[in-house]
Amino acid sequence: MVGWLARRGISLAGSADLAVRGRKSGEWRRVPVNPLTFGGAQYLVSARGHSEWVRNMRAAGGGQLRVGRRTRAFTAVEVPPAETPAILRAYLERWGWEVKQYFGEVTARSTDADLLAAAPNHPVFRIALAE
């Protein structure tokens, strides 16, 4: 539902429709995501872990974010888990209410050690939007 709304120009709390080419088929695959701006950069966090869009992103190295008719192409670089605890904390502060079931006991108020332990299960990509 969130992706359907984003494709029609209605972004719920900053959500967008992610399109990334399938690593095997080459077909565009779509999934709703919550892009995060943190520390002057933009990120995509996989709340659901090593999902299909994550595997496709690793192969494709980028994709498109869409809200309504506005589509923005981007490139993506995966951030090493050791560098993601602060990003995960910011993501959980913003969208913890929506994704808490995927993080178990980890919340925005968790310790740095707990966030670091959770980091390998929640891939993070730094994205650079094409001009």
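The values are calculated or read from the model by the stated rules, or taken from the named source; none is laboratory data. As the structure is a computational prediction, the values presented were derived from the model and not from experiment. Neighbour counts are summed over all protein chains in view; Cβ atoms, including those assigned to glycine, are modelled from backbone coordinates with ideal geometry. Note: accessible area is taken over every heavy atom of the protein model, side chains too, but ligands, DNA and RNA are not part of it. Shrake-Rupley method; radii C 1.70, N 1.55, O 1.52, S 1.80 Å.
To test your reading of the geometry: what angle, between 0 and 90 degrees and rounded to tens, separates the Cα axis of helix 85-103 from the longest principal axis of the chain? Relative to the chain, helix 85-103 is tipped by roughly 80 degrees.
By the Cα gyration tensor, the stretch 31-100 has an equivalent ellipsoid whose semi-axes, rounded to whole angstrom, run 19, 15, 13 from largest to smallest.
Each peptide in 111-123, 42-54 gets a packing score, the mean of other Cβ atoms within 10 Å over its residues, and the list from highest to lowest is 42-54, 111-123. As a ratio to 2.2 N^0.38 Å, the alpha-carbon radius of gyration for the chain is 1.00. With contacts taken as Cα pairs under 8 Å at a separation of at least 6 residues, the chain carries a relative contact order of 27 percent.
Relative contact order of the stretch 13-74, taken over Cα pairs closer than 8 Å and 6 or more residues apart, is 35 percent. Ordered by 1.4 Å accessible area with all protein chains kept, 91, 102 run largest first as 102, 91.
For residue 22, the residues whose amide H sits under 5 Å from its own are 27, 28, 29, ignoring neighbours fewer than 5 places away on the same chain, with H placed 1.01 Å from N.
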